[in-house]
Structure formats: structure tokens, C-alpha cells
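The values are calculated or read from the model by the stated rules, or taken from the named source; none is laboratory data. The structure presented is a predicted model; accordingly, all values stated were derived computationally and were not measured. Every residue, glycine as well, gets a Cβ built from its backbone with ideal geometry; the counts of neighbours run over all protein chains shown.
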């Protein structure tokens with residue numbers, strides 16, 4: 001049944017396009033400029049292409065949407081889709097605050113709609129294997145985890161290294177340990193764009209003294225993806241740096257000489273076979289299955305609250321000025337001039353500019369690159385789409 005609309009056909013969106021088409025479920029593709037993708041339209045002539053979101057919301061044959069647009073647009077598009085009665089699969093991050101995610105969850109619950117977030121590592125066979133090793137106690141007492149995720153970025157960035165890169169590893173660390181850290185610290189570097197960190201270093205302390213250190217960067221000479229877990233009875237290294245992912249178990253163990261002197265017993269690494277499972281395909285299959293059966297997916301959006309809470313906390317450490325409580329949301333890249341009033345529940349997104357003397361009502365949504373003012377009044381419950389002045 002062709003009942004899925006895909007929003008966005010960038011690099012990642014095109015991967016989803018191919019998968020959804022192979023599954024025979026793709027009804028419509030939305031993009032701001034369909035002419036730009038004329039070659040893709042020729043390859044998929046039976047798919048409807050549109051630049052009008054209203055056609056997606058108002059088409060009864062479309063039961064669900066898959067959102068693969070730039071990250072700043074995710075909350076607004078998710079809300080609009082749920083309001084239109086569509087089930088949602090949204091790539092990460094679904095939301096940029098726990099409060100924002102709770103609002104979307106409430107809307108999905110009230111309308112009895114499937115709401116799933118895309119966190120592909122939860123479907124990776126290597127991550128599943130590591131979780132099994134931890135459950136079986138093969139690593140002994142876990143001591144620390146470290147990750148490195150570096151990818152040469154496409155500038156200007158639409159998402160920083162925390163929300164775009166580190167969030168992958170933060171998610172699996174929380175999944176492995178099943179709890180929030182007792183302490184967290186982040187250092188970020190924004191050398192090219194203010195308020196958009198291209199490199200972050202994160203350090204977390206968990207119960208029982210377990211440590212986690214994560215490095216993520218868009219500003220790097222080469223692609224790096226590596227995750228290491230170290231325990232008293234074994235160590236494991238997951239790498240995606242070669243032509244195919246690898247997982248090695250190092251049965252090194254800490255032994256105590258005379259019960260007092262620690263000694264590391266080194267043994268040969270054991271390669272752990274990984275099934276040829278494509279994580280993205282498994283993730284989409286889970287979404288489609290749950291759409292048909294009404295079951296709960298592995299990355300149900302409610303399961304993303306812990307990682308959203310942690311990422312929001314780390315983000316506020318990077319930008320302390322965002323910690324002051326206020327009843328509305330302004331993205332760090334937006335500019336708010338003096339003598340501006342903003343109503344409760346309003347959300348102002350990336351690179352928007354509210355000029356002096358303007359008044360924005362309650363529960364409004366201002367998309368990306370919106371300019372308001374000077375001395376303009378916007379009423380309550382208004383939505384201003386991207387790139388409007």
C-alpha cells in the first residue's frame with residue numbers, strides 16, 4: 001500500500017527514498033524545489049512530487065510521513081504532521097528540549113498516532129551484540145566508555161556537533177547504562193560560526209564511578225567512528241572506519257597479584273561476526289510494521305526523552321545564557337532586538353530576527369530565517385513559515 005510521504009530528499013533523504021520505494025509504500029515526495037531533483041523524478045516516475053506541504057497534509061491516502069529535512073525544521077514539521085492526523089517517523093533530533101518533545105508526545109497520544117524517532121544505532125547489529133555482552137557479564141564491571149565520531153562537515157552547518165554527531169553515541173551510552181549521569185561536562189569549539197559548535201568534548205560520570213568520554217567534530221581531516229568499552233573482565237571495540245563495520249572482543253582482564261597489586265592480563269582479540277543487517281532498512285521496516293500492527297517501535301519517541309533531556313542539559317552548558325527560565329523558546333542562532341515582547345509557548349527557530357519594538361503573541365511558531373519588524377505585532381497562535389519577512 002502506497003501511503004507514505006517523504007519530506008526532504010537531501011543526502012540522507014535519498015537513502016530513505018530508495019528504501020521506501022523498494023518497500024512499495026512511497027506515495028509522495030515533498031521538497032522545496034522539485035526541479036532541483038529532476039533526475040530523481042525520472043527514476044521514480046510513479047511517485048508524486050510536490051513543493052506544497054498542504055497537498056501532503058490534505059491527501060487522505062497518505063497515512064504517515066518520514067521526515068528527513070534539516071534538523072531545525074523537525075519539531076515544526078512533526079507538529080504539523082501530527083495535527084494533520086499523520087503518523088510520524090522523524091530523523092534525529094526530533095526535538096531540542098524535553099518540554100518540546102513532551103508537547104509532541106501529548107499531541108501524538110491525543111490523536112492515537114504512531115510517533116517514532118530515528119536513532120539508527122539502536123538497530124545496528126554491533127550495538128545489539130554489545131548489549132548482549134553487557135547483559136551476560138562478559139566484560140565484568142564496566143569501568144569506562146569512549147567514543148570518537150568525526151565527519152568532515154558541509155558548511156554552513158545546520159546542526160552542531162552535539163545535536164548532529166555526539167547524540168548518536170550519547171544515545172547508546174544511556175541505553176547501555178540505563179540511567180542518567182550523575183555529573184556531566186561539555187566543552188565546545190565554535191571557531192567558524194558563533195553559536196554553532198563544530199567540535200565538542202563530553203565527559204560523563206555515572207553511578208559506580210563509570211566514566212564516559214565522547215569526542216565529536218564536523219571539522220576534521222577524515223571520517224572517524226569508533227566506540228570502546230572497558231571492563232574488568234574484557235574490552236570491546238566497535239569501528240565503522242573500514243569498508244565494513246567490525247567488532248572485536250579483547251578478553252583482557254584485570255588480575256590481582258597477592259590480592260593487592262593490579263595486573264592487566266593481555267589476550268588475543270576475538271573478532272565477533274556481525275550479520276549483514278542494514279540498520280536503516282531494519283529501522284524503516286520496524287516503522288512500517290508498527291504502522292500496520294499498532295505495536296510500539298524500538299525507537300518510540302517516548303523512549304527518546306532521556307537522551308533529549310541530557311542533550312538539552314549539555315547544550316545549556318555550552319550556552320549558559322539559555323539557562324534563565326522563560327516561557328518561550330528562542331533558538332541560539334536567532335536574534336532578538338531590544339524592546340521585544342514574546343508570548344508564552346512561542347517558538348522562534350534558526351536564524352530568525354525579531355526587530356526592535358515588535359510583539360509576538362502566545363503559542364506562535366516562527367520558522368527559519370523569519371524577519372519580523374520593526375514595531376510589528378503578531379497575534380496569538382500564528383505560524384510563520386520559513387524565509388518570510
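Worth a mention:
- Flag if residue 312 is touching a helix residue (DSSP H, G or I) at 6+ places or on another chain (Cβ under 9 Å) and assigned by TED's automatic domain parsing to the domain that holds residue 93: no
- Restricting region 341-385 to residues that are touching a residue at least 24 places away in the same chain (Cβ under 8 Å) and assigned to a loop (DSSP other than H, G, I, E, B) leaves a set whose member that is surrounded by the most Cβ atoms within 10 Å (Cβ to Cβ) is 349.
- Residues considered: 361, 373, 379. Of these, the only one that is at positive phi and over 22 Å from the mean Cα position of the chain (by Cα) is 373.
- Residue in region 268-279 that is more than 24 Å from residue 128 (Cα to Cα) and either part of a helix (DSSP H, G or I) or in contact (Cβ under 8 Å) with a residue 24 or more places away in the chain (or both) present: no
- Matching entry among 158, 171, 106 (being closer than 21 Å to residue 311 by Cα and assigned by TED's automatic domain parsing to the domain that holds residue 90): 106
- All positions within region 349-366 that are modelled with pLDDT under 90 and within 15 Å of residue 334 (Cβ to Cβ): 349, 350, 351, 356
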